[in-house]
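**Student:** Supplied in structure tokens, the structure appears directly below.
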Amino acid sequence: RRWESSDAEMERAAELEAALGGGGTDGGSRPIIEIEPERRNGVSGGGGGILPPGRLFVSGTPPPGRNGHTATLARSGPSGENARIVIIGGWLGTGPLAASDMHVLDISGGVEALRWYQPAVRGTPPGPCNMHSADYIPNKNEIYLFRGGNGREYLNDLHALDCDTYTWRQVQTRGAAPQQRANHSSAFLEETKELFIFGGWNGRERLNDIHILNTETGVWTRPHVGGDLPYPRAGMTLTALRGRLYLFGGSGTSSKCFNDLQILDRKEMAWLNVTQIKDSSVESGGPSQHAQHRDSSQSGQTDGDSNGQASSDWRAQDPGAHRAANLVSAASQSGNPNDEDGVATIFVEGCGPGRRAGHTATAVDRQIFVFGGSCGSDYLNDFFVLDTDPIPYIDIAEPTSIQLCERRLRKFYNDEEFSDV
């Protein structure tokens, strides 16, 4: 796994990953800025040259500025040609603390034909919602909305929006549903057809529990999860990718922010041990304002000022020790070396994002794109990419004297000329 930093200025591109609205120092905002993953540094991945920066022309009436909303990509049709981004709820900066409106950005025609509209809604809408979560469920062609706050109380009701007819329904479930909360995170794991809910704030304390809804059966479960649990938090992101859930950032007690990367392996149902490797480019360039990291043995909250400029405390490990580290990782997770209930180790290179909450994290192919967020009074516009493919390493070692002797004597073994030796 490797973090990469990209210029905070997003460029005009041909494929959509949209950063929509969010809070800022001047309240809610509503520009659309797009970036194609292969062209994120202003250079075309296909050799097409440098892309000029700029904002795209979008027809229709955009939503009012807001934060605490959700922006969910939904694709339907045989090959996903009917594509749109659905904006639901949030806080508009004035008036009620939770909005109930819904806006749709049609992206089916590509970036040259973006269009805002408000569809006619059927059924019974969920009502005002802020700091909620919304995930597209491809096997049902619906968006599942787990309601957070409505401006007066914390909620846990679950609603579904049909993405073709824009009809709302309340989802009937069985099992123990998650307790009321807001500012939580959620993710849909396509391999298992499961919706995950993690953490958040219930009005009294921050949470770090995991709940799973089987979208085929409508049953909630709270599984036993191995490994070291992430610290309780709110405002983090949870991103599903290839059978794993990637949790990043969030805010903990006393409003201190996290910058740790946590990985939940669904097959093992365990939080993996994430080990940061110091990047040589970071070493040569000095400490970065974003180079703050919590490994599994630390508190999860970095000290110092809130602008992400504290000194670097990223954990370094010799890449040549990977093989040995992997062999002992299971035993090292427990105080008892005979305890076999261990978890795998994931190594991460590069300089990751600094402390933050309220950011976004979007999966595109094998990569996760992290943008913005805030920590204290500082609002961020930086941009990072996590490549989730393993880093290839080659172990090179000098042979020992015994290995050299054995190798050279092997050709004389059972040789008739030396049979009397």
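Values quoted throughout were computed directly from the atomic coordinates according to the rules given, and no laboratory measurement underlies them. Small disclaimer: the values here were computed from a predicted structure and weren't measured. Here the Cβ is made from the backbone with ideal geometry for all residues, glycine too, and neighbour counts use every protein chain on show.
**Student:** Using Stokes-Einstein with the Kirkwood hydrodynamic radius over Cα pairs, what translational diffusion coefficient do you get for the stretch 103-229 at 20 °C and a viscosity of 1.002 mPa s, in µm²/s rounded to a whole number?
**Tutor:** On the way: Rh = 15.7 Å.
The estimated diffusion coefficient comes to 136 µm²/s.
**Student:** DSSP loop (so not H, G, I, E, B), at most 16 other Cβ within 10 Å: list which GluC sites (Glu not before Pro) in the stretch 155-214 pass both filters. Walk me through the numbers before you get to the answer.
**Tutor:** Numbers: sites: 190, 191, 194, 205; in loops: 190, 191, 205.
Answer by residue number: 190, 191, 205.
**Student:** Taking 45 Å as R0, compute the FRET efficiency from the Cβ-Cβ separation of residue 124 and residue 267 and round it to 0.05.
**Tutor:** Details: r = 38 Å, r/R0 = 0.84.
With R0 = 45 Å, the Cβ-Cβ based efficiency is 0.75.
**Student:** What is the calculated FRET efficiency for residue 205 to residue 377, with r their C-beta to C-beta distance and R₀ = 25 Å, to the nearest 0.05?
**Tutor:** Details: r = 24 Å, r/R0 = 0.94.
Between residue 205 and residue 377 the formula returns 0.60.
**Student:** Now a separate question. Please compute the modelled spin-label separation between residue 56 and residue 190, points set 7 Å along Cα→Cβ, answer in nm with one decimal.
**Tutor:** Result for the modelled spin labels: 2.0 nm.
**Student:** On a full-extension model of 0.36 nm per residue, what is the gain between residue 406 and residue 112, subtracting their alpha-carbon distance, rounded to one decimal in nm? If you can, show how the numbers build up before the last one.
**Tutor:** Numbers: separation 294, 0.36 × 294 = 105.84 nm, distance 6.87 nm.
Extra length available between residue 406 and residue 112 comes to 99.0 nm.
**Student:** Right, here's the next one. Please get the size of the charge dipole for the stretch 141-243, origin at its Cα centre, with Cβ charges of +1 on Lys and Arg and -1 on Asp and Glu, quoted in debye to the nearest 20.
**Tutor:** Numbers: 11 positive and 12 negative charges, 81 e Å.
Here the size comes out at about 380 debye.
**Student:** Taking R0 as 45 Å, what's the FRET efficiency between residue 179 and residue 397 from their Cβ-Cβ distance, rounded to 0.05? Intermediate results must be reported in sequence, preceding the final value.
**Tutor:** Details: r = 53 Å, r/R0 = 1.19.
With R0 = 45 Å, the Cβ-Cβ based efficiency is 0.25.
**Student:** Among the trypsin sites (Lys or Arg not before Pro) in the stretch 80-135, which ones are in a DSSP loop with at most 14 other Cβ atoms within 10 Å of the Cβ? Mind listing them?
**Tutor:** On the way: sites: 84, 115, 122; in loops: none.
Of the trypsin sites (Lys or Arg not before Pro), not one in the loops of the stretch 80-135 has a Cβ with at most 14 other Cβ atoms within 10 Å.
**Student:** If one computes the Cα centroid of the stretch 252-267 and of the stretch 175-236, what distance in Å separates the two points?
**Tutor:** 13
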